[in-house]
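One structure is given below, encoded as structure tokens.
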Amino acid sequence: ASPEHQSLDWVTGLFFTREQGNAGQTGLALIPGTNQPDPIFDPLIVTDEPSHFREIAAFGNATFHLTPAWDVSAGLRWSRNKQSVRETAYGSLFGVPASDPELTPFPAVAQNKVTYSVSTSYHLTPDKMLYARVATGYRPGGANKIAPDAPPTFGPDTTTNYELAFKSEWLDRRLQFNLTTFYIDWKNTQVTGVTPLFLTYLSNAGAATSKGVELAMRYAPLRGLTLGLNSTYTNARLTVDAPGLGGLRGDPLPSTPKFSGSFTLDYEYPLSADLKGQFGAVARHVGARNTAFPGSPDVNGNVRLASYDTLDLSAGVGRDAWSARLFVRNVTNRYAYLFVVPAGGADAPSANVILQPRMFGLSIDTRF
């Protein structure tokens, strides 16, 4: 990185990651009307899927201070990733025993990508700023679990993001007010699909756009008390048909609520000369959303999930570099669905992901 407080600031570097994962699944064939496995088909499916992912990247960013109030920045990142996965499977669905599982290696995939960002900021006053940014994003593709009617792999998706923001501080910096509008041009969108047997997989949906507004506020009305508000409106829709996934142009993207937000409260107060108390609360709202595309009646799998609200509370003490905190998540024990795969028939169960129930915990932290 360059020295600070010069007309040109820059930073450059290298990035490397090596990740190993292991996923798997076990499926049972139950006797209708019971929760007992059918001995003829038991087990129905057992899979093991070890995977490897590596990425190396080089990046650089530079900021030129045209005037004391006006900055222009640009950045570039080159990356190369390589991934591989193989699957061993056995069970009555595959017709092979555990002693001789079926091996399916997926070919190793290597991908190169260059992304960039360009931004500018202008200070109207020392406490108020206009900001604009254009940037590209990239997410690697991968392999799906083996399932009838599911593609074996899915490709990468890319985005071009446009942002325009107003950032400000008021009342001697006790109030922060930030408002951002965004527009995202999304290509080869990675979305969740559902097979006729109600098995989920990842696929590419062609193209979509996501546009909206984000509001972030923070206010300190009293010493030690900070209130926060974050709210987002998002309108994310397909711009072309995705017939294999049941999506039509104009359909909302799955798992994307139009409205979401949170309200936070943090209060610190002295208990003694060197001991501080702390209390915190976080209320969150997640709006209604679809689990799949609703546009095509011949493709099953979409469920309209209701909106939900949660509340988290915490209280603790701290001294110098350490702190201890008791917390409760989902105080009201709200029962909400995060994702649903509908049942495949009258006697078949659905696969549901639910919000974590009420949980109590203790955390002890230290800084060093």
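The values are calculated or read from the model by the stated rules, or taken from the named source; none is laboratory data. In this text the structure is predicted, and so the values were computed from the model without any measurement. Don't worry about glycine lacking a Cβ; one is built from the backbone with ideal geometry, like all the others, and counts go over all protein chains shown. For accessibility, only protein heavy atoms count, side chains too; no ligands or nucleic acids. Shrake-Rupley method; radii C 1.70, N 1.55, O 1.52, S 1.80 Å.
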Would segment 211-219 turn up any residue that is under 30 Å from Val282 (Cβ atoms), open to solvent by less than 60 Å² (accessible area, probe 1.4 Å), in contact (Cβ under 8 Å) with a residue 12 or more places away in the chain and outside any strand (DSSP E or B)?
-> no
Is it true that Tyr233 is touching a residue at least 12 places away in the same chain (Cβ under 8 Å), among the aromatic types (Phe, Trp, Tyr) and more than 26 Å from Ala205 (Cβ to Cβ)?
-> no
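Within segment 273-291, is even one residue hydrophobic (A, V, I, L, M, F, W, C), closer than 22 Å to Gly228 by Cβ and in contact with a Leu (Cβ under 6 Å, 6 or more places away or on another chain)?
Going residue by residue through segment 273-291, those that are hydrophobic (A, V, I, L, M, F, W, C) are 273, 275, 279, 281-283, 286, 288.
Next, from what is left, pick out any that are closer than 22 Å to Gly228 by Cβ: 279, 281-283, 286.
Narrowing further to those that are in contact with a Leu (Cβ under 6 Å, 6 or more places away or on another chain): 281, 283.
Yes, segment 273-291 has at least one match.
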Within segment 328-341, can you find the residues that are open to solvent by 30 Å² or more (accessible area, probe 1.4 Å) and either among the aromatic types (Phe, Trp, Tyr) or in contact with a strand residue (DSSP E or B) (Cβ under 8 Å, 6 or more places away or on another chain) (or both)?
-> Val328, Arg329, Val331, Thr332, Arg334, Tyr335, Tyr337, Leu338, Phe339
What pairs can you find where one residue is in segment 236-251 and under 19 Å from Ile184 (Cβ atoms) and touching a residue at least 24 places away in the same chain (Cβ under 8 Å), the other is of a type in the set (Phe, Trp, Tyr) and assigned to a loop (DSSP other than H, G, I, E, B), and their Cβ atoms are less than 7 Å apart, with a gap of 6+ or different chains?
-> Ala242/Phe293; Gly247/Phe293; Asp251/Phe293
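Could you tell me whether any residue of segment 220-233 is open to solvent by less than 60 Å² (accessible area, probe 1.4 Å) and within 23 Å of Ile184 (Cβ to Cβ)? Break it down stepwise before answering.
Start the filter on segment 220-233 by keeping residues that are open to solvent by less than 60 Å² (accessible area, probe 1.4 Å), which leaves 220-221, 224-228, 231-232.
So of that shortlist, the ones also within 23 Å of Ile184 (Cβ to Cβ) come out as 231-232.
Taking every residue of segment 220-233 in turn, at least one turns out to be open to solvent by less than 60 Å² (accessible area, probe 1.4 Å) and within 23 Å of Ile184 (Cβ to Cβ).
Can you name the strands (runs of 3 or more DSSP E) wholly within segment 123-208 that have at least 3 residues being open to solvent by less than 50 Å² (accessible area, probe 1.4 Å), at pLDDT 85 or above and among the small types (Gly, Ala, Ser)?
Values: elements: 128-139, 157-170, 175-187, 190-194, 200-204.
Once the strands (runs of 3 or more DSSP E) in segment 123-208 are filtered for at least 3 residues that are open to solvent by less than 50 Å² (accessible area, probe 1.4 Å), at pLDDT 85 or above and among the small types (Gly, Ala, Ser), what remains is 128-139.
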Long-range neighbours under 9 Å by Cβ, at least six apart or interchain, first residue free of Cβ contacts under 8 Å to residues at least 60 places away in the same chain and acidic (Asp, Glu) within segment 84-102, second part of a loop (DSSP other than H, G, I, E, B) and crowded, with 17+ Cβ neighbours inside 10 Å = Glu87/Phe106; Glu87/Lys145; Glu87/Ile146; Glu102/Ile146
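Please specify each residue of segment 314-327 satisfying the condition of being part of a strand (DSSP E or B) and open to solvent by less than 60 Å² (accessible area, probe 1.4 Å). Outline the logic, then answer.
Step one: filter segment 314-327 for residues part of a strand (DSSP E or B), giving 314-319, 322-327.
Scanning segment 314-327 gives Ser314, Ala315, Gly316, Val317, Gly318, Ser323, Ala324, Phe327.
Can you tell me how many residues in segment 258-294 are hydrophobic (A, V, I, L, M, F, W, C) and not in a strand (DSSP E or B)?
Within segment 258-294, the first condition is being hydrophobic (A, V, I, L, M, F, W, C), and the residues that meet it are 259, 263, 265, 271, 273, 275, 279, 281-283, 286, 288, 292-293.
Filter once more, keeping what is not in a strand (DSSP E or B): 271, 273, 275, 288, 292-293.
The total comes to 6.
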From the set of residues in segment 149-174 that are touching a Phe, Trp or Tyr at 6+ places or on another chain (Cβ under 6 Å) and of a type in the set (S, T, N, Q), which is nearest to Asn188 (Cα to Cα)?
-> Thr158
Residue within segment 101-121 that is buried (at least 17 other Cβ atoms within 10 Å of the Cβ), within 30 Å of Ala135 (Cβ to Cβ) and at pLDDT below 95 present = yes
